[in-house]
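The values are calculated or read from the model by the stated rules, or taken from the named source; none is laboratory data. Quick caveat: nothing in here was measured; it's all calculated off a predicted structure. Cβ placement follows ideal geometry from the backbone for every residue including glycine, while neighbour counts extend to all protein chains displayed. Each accessible area value is taken on the protein alone, full model and side chains, heavy atoms only, with ligands, DNA and RNA left out. Shrake-Rupley method; radii C 1.70, N 1.55, O 1.52, S 1.80 Å.
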Amino acid sequence: MAQIVATTRSIQSTLLCPTSGSANERARNLLKPPTFSSKVFSSNGINKCPQDAFRSCRINARKSASVEVIPVSAEDDPKIEEQLRGVPQLLDASNGMWSKPTFRRKTKIVCTIGPSTNTKEMIWKLAEAGMNVARLNMSHGDHASHQKVIDLVKEYNAQAKDNVIAIMLDTKGPEVRSGDLPQPIMLSTGQEFTFTIQRGVGTAECVSVNYDDFVNDVEPGDMLLVDGGMMSLMVKSKTEDSVKCEVVDGGELKSRRHLNVRGKSATLPSITEKDWDDIKFGVDNQVDFYAVSFVKSAEVVHELKNYLKNSGTDIHVIVKIESADSIPNLHSIITASDGAMVARGDLGAELPIEEVPLLQEEIINLCRSMGKAVIVATNMLESMIVHPTPTRAEVSDIAIAVREGSDAIMLSGETAHGKYPLKAVKVMHTVALRTEATIPGGQMPPNIGQVFKFSCIVSYETDYVMAFKRVQQRLALYQGVCPIYMGFCDDSEATFRRALDLLKNQGMVKEGEEVALVQSGRQPIWRSQTTHNIQVRKV
């Protein structure tokens, strides 16, 4: 039986750059010469893609007329759209765009599932609150606990009428961690402390490290960061099996803390034996995405994609940009992948923290110029792990990621083990929705015109029903895309009418608007012209 996938992607939220000289100038300004990232890019010949391919967004600073501050709580959530209708329409109807804004959130939300949210009730509530992608963090839990989450998400997808949740498996990667301590110890500024590759050491003066080459990777003068900078120690000297440090910024050291060396990456493989075991687990469960930690080169991506091809599965690969070694190879890494995650925690530990916002902007622009998905992650609502309301800086952080054009924004500990997981999702939903309402429509590329201003209905003639259910789930990650799956009629005209009626009933299109209809047959589109057609129709 043939099937249809109807997708809608609003160009209102697609930040496009015209080919004018002013646009080229803005694109060039994105790579600021004094920055670390720009120096690395230019020195390695990475920034060779056309500069006018980068996309920019002009932030409209006009004050909204008589719009109240939108409260964030479960009972106030239904008021959001009503209040947003008071926001002046920033789109010019004369340019062919729709005259009335749509209030469906375009930026997607990734939620990490953990002890606070791994029940059927909570997964259903997260989906209702705005979760689009469920993330499985393989650094925690076991296959049995993750299997439970996968089964619950699949159960939700099977029952949900108008929504679908994608599943992302996030590999642990080559993390360097301290060993176990009988109890947390306090490190004070100026104190001497030692890390050793000897196993089983855990005292007030010395603790083990789980990485045998740790001694070879550090040198006197290096700055060692614990938990991304919560504590820092200066390397003073080393022996064959130990590294002696002086505490610069003290704090409470607990068991199994993550260690980074400022400006350096560990010489460990990006995909460890545990990761391969977890990847096989993902293949067996047909997850939608892998988020691969600490990717340093495109070869890692090619290796994983070859494995997936040989396994007969089509799981997309999202590379996590979080190590110093990934920056010189950024262009080739993203080219080889299906998307990228700006993992700001380790990125800010291995590189100067002032470079992180600039790198975030550059990675987003690079991904958008290549048509790849991009996720901004880490610390977005960190305070809501223990507090019911966010800091104003966190709210601004979300808004910036939305304005820069990120496909998705991610919650980690906030939903995995936080006290207020649902409120965190609602905050992210509300801030993203409010920010999107103030972004003016981008100019259309000159070679597209006004055809794709709102909706695209894509139909496929195929017997592989499950394959297109997978496509629908994957599309849940992409900005502005609302994937709808429906049965294909014997008559193509009846199918299109049915699809348009469905979109009209859900308020996604209205009479008078133009939509693109794309029909694809059994063969790839370049092999046979007779099985494919593209039409533009008025609703």
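Structural remarks
- Each Lys and Arg adds +1 at its Cβ and each Asp and Glu adds -1 at its Cβ; summed about the Cα centre, segment 297-363 shows a dipole of about 320 debye.
- In this structure, the amide hydrogen of C489, modeled 1.01 Å from its nitrogen in the peptide plane, lies closer than 5 angstrom to those of T495, counting only residues at least 5 positions away or on a different chain.
- Computed from the Cβ-Cβ distance with R0 of 51 Å, the FRET efficiency linking K504 to N379 stands at 0.80.
- Between I400 and A158, the modelled label-to-label distance comes to 4.4 nm, taking each label 7 Å out from Cα in the direction of the beta carbon.
- Inter-probe distance in nm under a simple model that places probes 7 Å from Cα toward Cβ, at M234 and K274: 3.3
- Distance in nm between pseudo-label sites at D213 and D227 (7 Å out along the Cβ direction from Cα): 2.8
- To put it simply, the accessible area of segment 185-261 at a 1.4 Å probe is 47 percent carbon and sulfur.
- Using the Cβ-Cβ distance between S145 and Q191 with R0 set to 45 Å, the FRET efficiency works out to roughly 0.75.
- The H on the amide N of K238, modeled in the peptide plane, is under 5 Å from the matching H of K244, each at least 5 residues off or on a different chain.
- Restricting segment 463-508 to trypsin sites (Lys or Arg not before Pro) in coil, as DSSP defines it, with at most 14 other Cβ within 10 Å: none
- Where trypsin sites (Lys or Arg not before Pro) fall in DSSP loop in segment 134-192, at most 16 other Cβ within 10 Å: K161, K172
- Put the Cα centre of segment 124-151 next to the Cα centre of segment 217-279 and the gap is 29 Å.
- Computed from the C-beta positions of C206 and M370, the FRET efficiency with R₀ = 41 Å rounds to 0.30.
- With 0.36 nm allotted per residue and the present C-alpha distance subtracted, the E299-Q183 stretch has 37.6 nm of extension available.
- A straight chain from K172 to I353 at 0.36 nm per residue would run longer than the Cα-Cα distance by 62.9 nm.
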